[in-house]
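Novice: Take a look at the following structure, please.
All of the numbers you see were taken from the coordinates with simple rules; none came from a lab. Quick caveat: nothing in here was measured; it's all calculated off a predicted structure. So basically every Cβ, Gly included, is an ideal-geometry build from the backbone, and we count neighbours across all protein chains shown.
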Amino acid sequence: MAQREIADFNGIVMLRKDYRERDMLVKILTDHFGKKMFFIRRARKRGFSLAAAILPFTHGTYIGNIRADGLSFINTAKNYRQWQSISQDITLNAYATYILNLIDVAFPDGQVIAEWYQRALFALNAIDEGFDPQIITNIIEIQLLQPFGVAPRLESCVVCQRTDLPFDYSQRYGGLLCKQHWQLDPYRFHASARAIYLMRLFSVINLQQINSISVKATTKQELRRMLDRIYQDDVGLSLKSKHFLDQMDQWDQVMKPRFDKHSEKP
């Protein structure tokens, strides 16, 4: 028989899907048990008592039957709330979904990842409170590279360990090259000093300590380009939620000139 225990835990609803005729499977990122899939009986029945507690982008305290293997169960919930801005805005929703997808893929179910529960909580709080969702997502992407087994070296030049010269990023060398060694990799990113600075900063920043973020559009484009290359080439990850974000960005680029044209004064 699988080991199990009745426990209180804090959790973030990551995803859910219909199961059978009236039931539902809900994956929750917990603070003590890692990611767990919960079987919710009669969750699709009208008037279900826990309906609000298992909505997407909800976090709170749950009491349930935690099983080491197989499906777990939720008995009740308290002190839960939904991130309203995220749930109502398609763009914020897309970024939050991508963040939770990345965490879901980076760690196996059941692995205790209390630190990443906290980071996910801070990240979604920040997005919901109006911080730039791309920058918050970039921070998560960079900090997840180590769990994905990439862990680029961003402290100093990978060749000479110098820290006092301009840097660029090299996929071939798995980290930074100082200007003295740029010739070693003609395919380095050729990134701006600002983009490299932010990449290094984001690798160590504590999301809880962020008070404000202001990044130029051109630098944001650089960060997205660099991280897309790393995730595609080094991590080898392709998520539907990321494709959706990319499509949204393309739509914005197409629609913005049209909007600006119709907004011009005669």
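Novice: Identify, by number, the condition in (1) β-branched (Val, Ile, Thr); (2) touching a strand residue (DSSP E or B) at 6+ places or on another chain (Cβ under 8 Å); (3) surrounded by fewer than 16 Cβ atoms within 10 Å (Cβ to Cβ) that Val158 doesn't meet.
Specialist: Result: Val158 passes all but (3).
Novice: Select from region 168-218 the residues that are within 23 Å of Glu129 (Cα to Cα) and not hydrophobic (A, V, I, L, M, F, W, C) and list them in ascending order.
Specialist: Scanning region 168-218 gives Ser203, Asn206, Gln208, Gln209, Asn211, Ser212, Ser214, Lys216.
Novice: Take Asp109 and decide whether it is among the acidic types (Asp, Glu), under 27 Å from Glu129 (Cα atoms) and in contact with a strand residue (DSSP E or B) (Cβ under 6 Å, 6 or more places away or on another chain). Before you say what the answer is, go through the steps one by one.
Specialist: Details: among the acidic types (Asp, Glu): yes; under 27 Å from Glu129 (Cα atoms): no; in contact with a strand residue (DSSP E or B) (Cβ under 6 Å, 6 or more places away or on another chain): yes.
Spelling it out, it is not the case that Asp109 is among the acidic types (Asp, Glu), under 27 Å from Glu129 (Cα atoms) and in contact with a strand residue (DSSP E or B) (Cβ under 6 Å, 6 or more places away or on another chain).
Novice: A further question follows. Out of all the residues in region 119-149, which are surrounded by fewer than 15 Cβ atoms within 10 Å (Cβ to Cβ) and touching a helix residue (DSSP H, G or I) at 6+ places or on another chain (Cβ under 9 Å)?
Specialist: Listed by number, the residues that qualify are Glu129, Gly130, Gly149.
Novice: Still on this structure, please answer the following. Against the condition surrounded by 15 or more Cβ atoms within 10 Å (Cβ to Cβ), hydroxyl-bearing (Ser, Thr, Tyr), touching a Cys at 6+ places or on another chain (Cβ under 9 Å) and touching a residue at least 12 places away in the same chain (Cβ under 8 Å), how does Ser203 come out, does it pass? Explain how you work it out, then say what you get.
Specialist: Working: surrounded by 15 or more Cβ atoms within 10 Å (Cβ to Cβ): yes; hydroxyl-bearing (Ser, Thr, Tyr): yes; touching a Cys at 6+ places or on another chain (Cβ under 9 Å): no; touching a residue at least 12 places away in the same chain (Cβ under 8 Å): yes.
For Ser203, the condition - surrounded by 15 or more Cβ atoms within 10 Å (Cβ to Cβ), hydroxyl-bearing (Ser, Thr, Tyr), touching a Cys at 6+ places or on another chain (Cβ under 9 Å) and touching a residue at least 12 places away in the same chain (Cβ under 8 Å) - is not met.
Novice: Among (1) surrounded by 18 or more Cβ atoms within 10 Å (Cβ to Cβ); (2) under 30 Å from Asp104 (Cβ atoms), there is one condition Asn211 misses while meeting the rest; what is its number?
Specialist: Among (1) surrounded by 18 or more Cβ atoms within 10 Å (Cβ to Cβ); (2) under 30 Å from Asp104 (Cβ atoms), Asn211 violates only (1).
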